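Reading through the C-alpha cells given below for one structure.
The values are calculated or read from the model by the stated rules, or taken from the named source; none is laboratory data. These figures come from a predicted structure and were not determined experimentally. Cβ placement follows ideal geometry from the backbone for every residue including glycine, while neighbour counts extend to all protein chains displayed.
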Amino acid sequence: MGLVEPEPVSPAYRSLRNRLAPALSSTSGPDSLVEHLRNAPARLPVPDVTARPVWEAVDAATREALLDEAAAELRRTAPVLTASAWARTFRDGVRTAYEDSARRLRERATLLVLAATLTGEVAPADAPPGAAPYLDAAADALMALAEASTWCWAPHDRFATARGEVLPDPDEPFLDLGAAEVVSLLAWADHVLGPHLDTRIPGLRRRLRREADVRVLTPFERTRDWHWIGLDGDAHNWNPWIHGAVLAAALLLTEDEERRARLVRLVVEGLDHYLAVLPDDGGIDEGVAYWWQGAGRLLEALDLLADAGGAALDARDLPVFGPLGKFPHRMHLAGDWYVNAGDAPARLWADQPWHVLFQWGERLADPEIRAHALACARGGPAVRPRAGLGRALAGLRDPRWRDALATTDVADGDAPWAARETWLPRVQVLVAREAAGTAAGLTLAAKAGHNGERHNHLDVGSYWVALDGRPLVVDIGQPTYTAASFGPDRYQAWPLQSAWHNVPEPGAPQQPGPAHAAHDVRVDLTPAAAALHAELAGAYPAGLVQTWHRSLQLIRATPDTPAHVLIEEHWTPHPAAPVLLRHVLAGDVELAEGRAQVTADGHSLLISWDPERATARLEHRDLDDPLLRESWGERLTRLTLTVAAPSAGEPFTVRLERSR
C-alpha cells in the first residue's frame, strides 16, 4: 500500500501549558505553583549524602567500579582552563582545545562528587589535608568551575563576537550549552553533598549559588528572547538541554520560593516551544545522538518536574511521548550501530544514560523500549558518569534499573524491538528489515526530507544498507566540530557534502536550505517488500534536471530469489554534465566489471549494475578525524558510477545483496 504524510494533529497532543494549566495559573493561594513546589528538593528521589542507607544499598560492583575510576582520577592532574585555548575558536577555528578541557573538568568533578557520596566521607573544616580526599578534591573541582571566567563555549558567545574580542566578559555571561552543563553539575553537587560541604568547606555552597545566579538564573529571567527558546518556531535540542539545567538550578539552588515558581513557569513555557515542533511520529531529524541531547533531556526535565511538584506538575502522559520514546530503537541496526542522519555518529557513544530510557519504557508500559535500553547497557556500568552528575545520581538511586541490568540476558542478534519496517512520515525516514525481531539479513534505511533540517548534510534521498546489522553502505556522520561547523562555511567540510553521501550528482551537488527538498514522497509497505519513492530534482539547482525519480526498495526473499535491495533512478532530461551516482562504503572493496564487493567484520555485500550503461571507479579516503575514525577506522571508500546512457526508457538500477 502507498502511504503519504498524515494530517497535522491537535496542539493538545503536546502542550505542557494546557496540561499543567491549573498549577501554573497563579503564584498565590493554596493551589498555586509556589505551594506545589514548596520544599521541592526534599521530595526528589535523590537524597543527600546523609541518607546512608540509600547510598550504601548501591550494589558492590557498581560502587567498586565508580570508586576505582575516582581513585584513578585523583592521581591525574586537574585540567586547567586557559584564555589561549578559548581564543583559538577565533584564531584558527579550533574549539575542542578549550571544550575538551572543560569537559574533562566537569567529568572530574562528577566522579569525585559520586565517590564522596558513596563513601560518605566528611571531616571538620580544620582537619588536615587527606582527612576527606574525595570530598576535598570534589570541592576543588567545583571551585575551579566557579572561578572560570565563563561557562560558555567560545563559538556560542555572541557577546564576545559583537565586541570583536577573543575573551569572554564575566559581566556579560552568555547562556549556552556549556553554561547549562556546569550549572546542572553545581546544582546536583550542592544537593547531594550539601551537608558535608558545609562541614568541610563552609562558604563554598554560597559561592556556587552566587555563580549560578549571575551566570544562568538572572540571564535566563532577564533575557526572554534567547535564540534557543524558539520564539520564532525554530526550537531545537538546545531548548530542553538548557531548560532542563535551569529547572535543576531553580529547584536545588533557589531558596526564594516565589522566584523558584517564577523560574519553573518560564521553563515550562520554554519547553512548550520545543514540544510544539516535535513530530507526532517521534522522529528526530537531528538523529539518535541528538535524541539524547534533545528529546531525552526533555523526558528527564519532565521527570524532575513531576518529582518536585507531584501529580499537579506531572505531564508525562501526553500522547507524544509514546512515539518519542521509540525513536532510538527504531533507528537501531545492531550493537552500537544506528541509522545516523545529520550530525550523528554511526556508532553511538557508549556513555548514554540508558536508565532514563528504561524508566520511560516502564512508565509507558512499552517492553520494546525497556528491552532496547537493557540490551544496549548490557556489559557496561549501571551508570555513566560522563553523561552528567544528575543522570548518574538518578541511576544509582534506582534499584529496579540496577537489578534489571544485572539479571536480564539478551541473546546476540536478538532484537525484539526491531520492527519489520518503520516509516516516520514527518522526518521522511524508512527503516526496513528482512524480518522483525532480528538484525540478521539486509536492512535498508532511506530518507527523503529537505536540506534545511537541523545538522543537515545535503543528503536528500540518501540511503544506508546494513548486513546482519553491520552498515556497509553508510553515512559518514559528524566530523569534529570547528568554529565553521554552524556558519556559512559549514558545507566546506567534505563529510557534509552531497558528493560524500549516497545520492545522485546530475551535474552539480545538492543545495542547502529547506526549499531544496524531496517531493511526491511515498512509501509502499507489503510483506514482500518495502520501498520509498521520491522526486529529488528539487534538491539540486533549479533547471538542472526536470525530474529525478528515485526508488529505494528492500525486496524480501522468496523460494526463488534471495533478499536484495534495488536502487532505481529515472531522470529527464539527460544533463550535459556526466551523471554520477555515489556510494560511500565501509570495508574492504573489490571492484570488477559491473560489480563491487564490500566486506567488513566478516559481512560481505555484493553491489551490481549494468556495465554497458555505467563506468565505475573507487576513491579511498584516509580518515584523520578522531570522531570519524571511532566509527570507521582508518578509511572509507567511495564508489562512483558514471552513467553515460540516458534514462528515457528503463531506469538505471543498482542491486545490493549478500555475497554468496
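In the set Ala466, Ala493, which member is closer than 22 Å to Ala435 by Cβ and of a type in the set (Gly, Ala, Ser)?
After ruling out the rest, the residue left standing is Ala466.
Any idea which of Asp475, Asp412, Asp468, Asp459 is modelled with pLDDT under 90 and within 30 Å of Pro626 (Cα to Cα)?
Unique residue meeting the criteria: Asp412.
May I ask you to list the residues in region 419-453 that are touching a helix residue (DSSP H, G or I) at 6+ places or on another chain (Cβ under 8 Å) and part of a loop (DSSP other than H, G, I, E, B)?
Across region 419-453, the qualifying residue is only Ala419.
Please count how many residues of region 122-139 are in contact (Cβ under 8 Å) with a residue 60 or more places away in the chain, buried (at least 16 other Cβ atoms within 10 Å of the Cβ) and not aliphatic (A, V, I, L, M).
Adding up the residues that qualify gives 2.
Pairs, please: C-beta under 9 Å, at least 6 apart or cross-chain, first residue at positive phi and in region 581-594, second basic (Lys, Arg)?
As it stands, the answer is Gly587/Arg470, since those pairs meet every condition given.
Looking for whichever is crowded, with 22+ Cβ neighbours inside 10 Å, over 25 Å from Trp354 (Cα atoms) and either touching a helix residue (DSSP H, G or I) at 6+ places or on another chain (Cβ under 8 Å) or modelled with pLDDT under 95 (or both) here; the options are Leu305, Leu253, Leu266, Leu313. Which one fits?
The conditions single out Leu253.
Any chance you could count how many residues in region 513-546 are farther than 19 Å from Ala446 by Cα and either within 29 Å of the chain's Cα centre (by Cα) or of a type in the set (Ser, Thr, Tyr) (or both)?
Total satisfying the criteria: 2.
Of (1) within 25 Å of Thr443 (Cα to Cα); (2) buried (at least 18 other Cβ atoms within 10 Å of the Cβ); (3) in contact with a Leu (Cβ under 7 Å, 6 or more places away or on another chain); (4) not polar (S, T, N, Q), Ala614 satisfies all except one. Which?
The failed condition is (1).
Regarding region 404-419, can at least one residue be identified that is surrounded by fewer than 22 Cβ atoms within 10 Å (Cβ to Cβ), more than 19 Å from Ile555 (Cβ to Cβ) and hydroxyl-bearing (Ser, Thr, Tyr)?
The answer is yes; a qualifying residue exists.
Checking Thr199 against (1) farther than 19 Å from Leu247 by Cβ; (2) of a type in the set (S, T, N, Q); (3) under 28 Å from the mean Cα position of the chain (by Cα), only one condition comes out false. Which one?
With (1) farther than 19 Å from Leu247 by Cβ; (2) of a type in the set (S, T, N, Q); (3) under 28 Å from the mean Cα position of the chain (by Cα) applied to Thr199, the lone miss is (3).
Of all the helices (runs of 4 or more DSSP H) wholly in region 240-319, which have at least 3 residues that are farther than 22 Å from Ile369 by Cβ?
Passing ranges, in order: 257-277.
Regarding Arg104, is this residue outside any loop (DSSP other than H, G, I, E, B) and either surrounded by fewer than 22 Cβ atoms within 10 Å (Cβ to Cβ) or modelled with pLDDT of 95 or more (or both)?
yes
Within the set of pairs 6 or more residues apart or between chains, which connect a residue that is without any contact (Cβ under 8 Å) to a residue 40 or more places away in the chain inside region 15-26 to a residue that is part of a helix (DSSP H, G or I) with Cβ atoms less than 7 Å apart?
Pairs found: Asn18/Ala12.
Find the residue count for region 432-465, including only residues that are touching a strand residue (DSSP E or B) at 6+ places or on another chain (Cβ under 9 Å), under 16 Å from Trp500 (Cβ atoms) and not aliphatic (A, V, I, L, M).
9
Between a first residue in region 422-435 that is among the aromatic types (Phe, Trp, Tyr) and a second residue that is modelled with pLDDT under 95, which pairs have beta carbons less than 9 Å apart while being 6 or more apart in sequence or on different chains?
If the second residue must be modelled with pLDDT under 95, the pairs left are Trp423/Leu3; Trp423/Asp281.
Filter region 620-650 down to residues that are free of Cβ contacts under 8 Å to residues at least 60 places away in the same chain and under 11 Å from Arg582 (Cα atoms) and give me whichever is surrounded by the fewest Cβ atoms within 10 Å (Cβ to Cβ).
The extreme case among them is Thr637.
In a loop (DSSP other than H, G, I, E, B) and touching a Ser or Thr at 6+ places or on another chain (Cβ under 7 Å): does that describe Pro170?
Spelling it out, Pro170 is indeed in a loop (DSSP other than H, G, I, E, B) and touching a Ser or Thr at 6+ places or on another chain (Cβ under 7 Å).
Being within 21 Å of Arg347 (Cα to Cα) and part of a strand (DSSP E or B) narrows it down to one residue among Arg638, Arg655, Arg617, Arg629; which is it?
Arg638
I need the full set of residues from region 501-548 which are of a type in the set (Ser, Thr, Tyr) and surrounded by 14 or more Cβ atoms within 10 Å (Cβ to Cβ), in order please.
Tyr540, Thr547
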